Amino acid sequence: MPVLDREPSKDLGGGDGLPKLPLPTLKETLDTYLRCMKHLLTEEQFNKTQNMVKQFGAPGGVGELLQSKLVERRENKANWVYDYWLNDMYLNNRLALPVNSSPAMVFPQQNFRAPIDSLRFAAHLISGVLEYKTLLDARALPMDYARGQLAGTPMCMEQYYRLFTSYRLPGPERDTLVAQESSVMPEPEHIIVACKNQFFVLDVVINFRRLNERDLLTQLEKIAKMAASEEEQLPPIGLLTSDGRTEWAESRSVLMRESTNRDSLDMIERCLCIVCLDDTSGPELSDTTRAMLMLHGGGVAKNGGNRWYDKPMQFVVGAGGCCGVVCEHSPFEGIVLVQCTEYLLKYMIGSPSKLVRAASVSELPAPRRLRWKCTPEIHKLLASSADKLQRLVRNLDMNVHKFYDYGKEFIKKQKMSPDAYIQVALQLAYYRCHGRPVSTYESASIRRFQEGRVDNIRSATPEALAFVKAMTDGMLSTSDTEKMEMLHGAITAQTKYTILAITGMAIDNHLLGLREIARELKIEKPGIFKDDAYLISNQFILSTSQVPTTVEMFCCYGPVVPNGYGACYNPQSDHIIFSVSSFHESPQTCSAELVKCLVQGLLDMRDLCNKCNCGSNPAEQRKAKTLETHTQTETNWQNKTPQRSSDLTRNQQTLPQVMVKTPDQTKVEAQTQTSFTGRGTSFEDRK
């Protein structure tokens with residue numbers, strides 16, 4: 001039997017009363033691993049892997065030893081995989097944060113008519129941040145509850161408390177996630193505003209009083225004026241944070257030699273968040289262009305230096321109306337970012353801009369510019385970082401597509417889970433583009449357990465492959481009824497694996513734990529982890545994530561391997577937003593081609609459902625309905641009709657032009673859209 005824990009635990013940070021993460025049995029994981037990999041390998045590779053797995057899992061063998069050590073570790077820790085997972089997924093990764101790791105939420109295009117409008121928007125947004133921070137400090141956020149399988153289970157809330165109190169410190173070999181403890185240090189009472197590549201300290205509490213919106217606007221106006229002063233311009237130090245992690249760690253140690261730089265770094269590292277006031281980026285921007293500008297700032301010539309990527313929350317307010325938030329992903333998952341962002345946008349709509357002059361601190365001290373002492377060595381490092389960022393900007397192939405033919409309501413009428421259906425559509429699109437199945441990552445929340453983050457839903461199932469082959473290679477030889485049966489089979493398989501993952505019984509975290517225990521024990525790396533199959537299983541060529549929103553915005557991120565795709569999707573009632581990314585430098589990938597195949601596949605799947613009049617059999621309906629409730633990934637406002645941004649922009653006369661569907665925001669948990677990027681192995685293992 002797997003090791004389970006249903007005893008209430010002491011509060012270990014937002015996990016009061018939650019069970020510990022279970023540990024699957026060795027046999028369960030090894031059997032599932034073979035089943036997941038068989039159709040992705042050649043016969044020769046699979047035979048070799050089968051022998052490796054048999055050897056590893058043999059009675060009295062190394063697998064049993066490592067499993068027993070994991071059982072001990074589970075007894076002694078709140079979450080047996082958390083540290084291993086955090087290092088492997090993020091902190092060991094040496095790639096630059098922009099595009100490769102940090103996702104972005106893109107707000108609707110704002111209609112700023114004058115420069116003051118963007119500053120008003122920023123002041124209003126900062127007010128919302130301070131309100132949300134008050135809720136966090138009072139531990140007054142309503143609890144998130146699971147939906148679907150084990151519905152009503154409370155979820156670990158710990159990630160929320162890292163939104164504004166953590167920082168990713170670069171290291172030569174591994175980064176450190178620094179969490180500020182208020183008991184040791186005074187709570188930060190300032191934010192950092194980036195404007196024209198300069199950084200300014202904006203105190204949000206002066207004389208024990210929180211600044212109101214009018215005061216914030218006054219201070220932002222001063223910052224904009226100071227930033228425009230030509231003679232005061234300092235080099236764009238923020239560019240260094242866009243470099244590879246080892247390079248940035250080295251540059252930071254060079255900066256730290258000067259006390260002026262140490263003080264500036266300290267102010268940035270301890271701030272609540274960063275607000276980036278970006279210069280305008282040209283004419284009316286498409287969704288795709290705005291997504292790219294959020295992910296990398298447009299490079300050195302635009303706003304690439306107007307960032308500080310180590311801070312978890314970077315709010316971007318562009319003078320041209322391109323706004324959003326870029327997040328450093330190591331402290332929290334997607335649902336936490338979505339919940340926070342939706343709170344802020346709803347706050348901005350629900351509480352009209354309070355710009356009347358209230359009882360104010362009559363003469364606010366001017367915000368202060370952060371100073372940097374730059375040696376020729378630092379200038380050289382800046383030039384190198386700028387070059388690498390430019391290469392990243394040129395390399396990103398982004399395609400944001402709004403699919404308007406149908407949305408999740410149609411899928412639910414077929415008695416299918418929208419998430420499982422879209423995952424099968426992604427498998428079909430990739431197969432049509434490339435003629436083969438590949439390892440696919442879809443994140444599943446394990447927040448029903450203490451300190452739970454995510455595990456991986458392996459969407460490239462044998463059943464999905466059978467369906468996509470029937471829809472492509474066997475288009476003429478397979479009947480519609482058979483295809484429909486295969487579609488049901490693929491959705492059932494996807495659903496079953498989703499349930500495994502959200503209940504802590506998937507394979508990726510377990511295999512990672514076994515591998516890391518072997519490393520800690522200084523045992524020679526077991527053959528199973530040196531095998532081709534393990535390498536292939538962790539090359540996530542398709543890295544996917546569902547990020548549903550109730551406010552008109554969308555999420556995007558880059559691929560996690562050079563020849564892969566990042567595919568983020570946001571299912572709405574009558575449409576689905578897809579953000580697909582890849583790299584131009586890879587001759588194998590093309591985002592526009594994948595989107596084209598995705599659209600075709602979604603239309604073909606709809607036609608198949610319509611032809612077969614899916615769900616006409618009452619017993620089949622009941623069965624499918626049960627499946628749908630198991631994998632329900634939408635929040636409890638899921639049936640509201642979305643408003644298109646174009647309709648709202650016409651009707652909205654006052655700032656901000658953010659869009660919202662409904663204010664109801666309680667008891668929410670989306671189970672499969674919580675992490676934007678999937679890496680099952682550390683960077684060294686992927687090379």
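The values are calculated or read from the model by the stated rules, or taken from the named source; none is laboratory data. Just so we're clear, the structure is a prediction, and the values are computed from it rather than from any experiment. Note that we place each Cβ from the backbone using ideal geometry, even for glycine, and neighbour counts take in every protein chain shown. Protein only, heavy atoms only, side chains kept; ligands, DNA and RNA dropped before computing areas. Shrake-Rupley method; radii C 1.70, N 1.55, O 1.52, S 1.80 Å.
Looking at the range 203-212, can you tell me whether even one residue there is without any contact (Cβ under 8 Å) to a residue 12 or more places away in the chain, of a type outside the set (Lys, Arg) and open to solvent by 40 Å² or more (accessible area, probe 1.4 Å)? Show your work before the answer.
Pass one, the range 203-212, residues without any contact (Cβ under 8 Å) to a residue 12 or more places away in the chain: 208.
Those left that are additionally of a type outside the set (Lys, Arg): 208.
Filter again for open to solvent by 40 Å² or more (accessible area, probe 1.4 Å), leaving 208.
Yes, because at least one residue in the range 203-212 is without any contact (Cβ under 8 Å) to a residue 12 or more places away in the chain, of a type outside the set (Lys, Arg) and open to solvent by 40 Å² or more (accessible area, probe 1.4 Å).
The sole residue among LEU389, LEU426 that is in a helix (DSSP H, G or I) and assigned by the TED database to the domain that holds LYS302 is LEU389.
Here the range 455-478 is the region considered, the condition is being among the hydroxyl-bearing types (Ser, Thr, Tyr) and modelled with pLDDT under 95, and the residue that is farthest from LYS496 (Cα to Cα) is SER477.
Which one of these is in contact with a Gly (Cβ under 8 Å, 6 or more places away or on another chain), modelled with pLDDT of 95 or more and not in a loop (DSSP other than H, G, I, E, B): VAL580, VAL599, VAL560?
None of the others qualify; the one that does is VAL580.
For the range 110-117, indicate whether the set of residues that are open to solvent by 10 Å² or more (accessible area, probe 1.4 Å), acidic (Asp, Glu), more than 23 Å from the chain's Cα centre (by Cα) and modelled with pLDDT of 95 or more is non-empty. Yes, because at least one residue in the range 110-117 is open to solvent by 10 Å² or more (accessible area, probe 1.4 Å), acidic (Asp, Glu), more than 23 Å from the chain's Cα centre (by Cα) and modelled with pLDDT of 95 or more.
Residues being of a type in the set (Phe, Trp, Tyr) and either touching a Cys at 6+ places or on another chain (Cβ under 9 Å) or closer than 30 Å to MET155 by Cβ (or both) are represented in the range 492-505 by at least one member. Among helices (runs of 4 or more DSSP H) entirely within the range 43-98, having at least 3 residues that are under 14 Å from GLU520 (Cβ atoms) and out of contact with any Leu (no Cβ under 7 Å at 6 or more places or on another chain) singles out 62-76. Filtered by the rule that a residue be open to solvent by 10 Å² or more (accessible area, probe 1.4 Å), in a helix (DSSP H, G or I) and either within 16 Å of THR544 (Cα to Cα) or without any contact (Cβ under 8 Å) to a residue 40 or more places away in the chain (or both), the range 431-464 gives TYR431, GLU463. Pairs meeting the criteria (first residue in the range 17-31 and on the phi > 0 side of the Ramachandran plot, second residue open to solvent by less than 40 Å² (accessible area, probe 1.4 Å), beta carbons under 9 Å, at least 6 apart or on different chains) are GLY17/SER9.
Which members of the range 467-486 meet the condition of being part of a loop (DSSP other than H, G, I, E, B) and not polar (S, T, N, Q)?
ASP473, GLY474, MET475, LEU476
Sub-8 Å Cβ pairs linking a first residue in the range 47-76 that is farther than 27 Å from LYS20 by Cβ to a second residue that is part of a helix (DSSP H, G or I) and small (Gly, Ala, Ser), at least 6 apart or interchain, are LYS48/ALA533; THR49/ALA533; MET52/GLY527; MET52/ALA533; GLN55/GLY527, ordered by first then second residue.
Does THR498 count as farther than 14 Å from LEU428 by Cα, in contact with a strand residue (DSSP E or B) (Cβ under 8 Å, 6 or more places away or on another chain) and either polar (S, T, N, Q) or not in a helix (DSSP H, G or I) (or both)?
Judged against the criteria, THR498 is a match.
Candidates are the residues of the range 218-235 that are open to solvent by 40 Å² or more (accessible area, probe 1.4 Å) and touching a helix residue (DSSP H, G or I) at 6+ places or on another chain (Cβ under 9 Å); the one that is modelled with the lowest pLDDT is GLU232.
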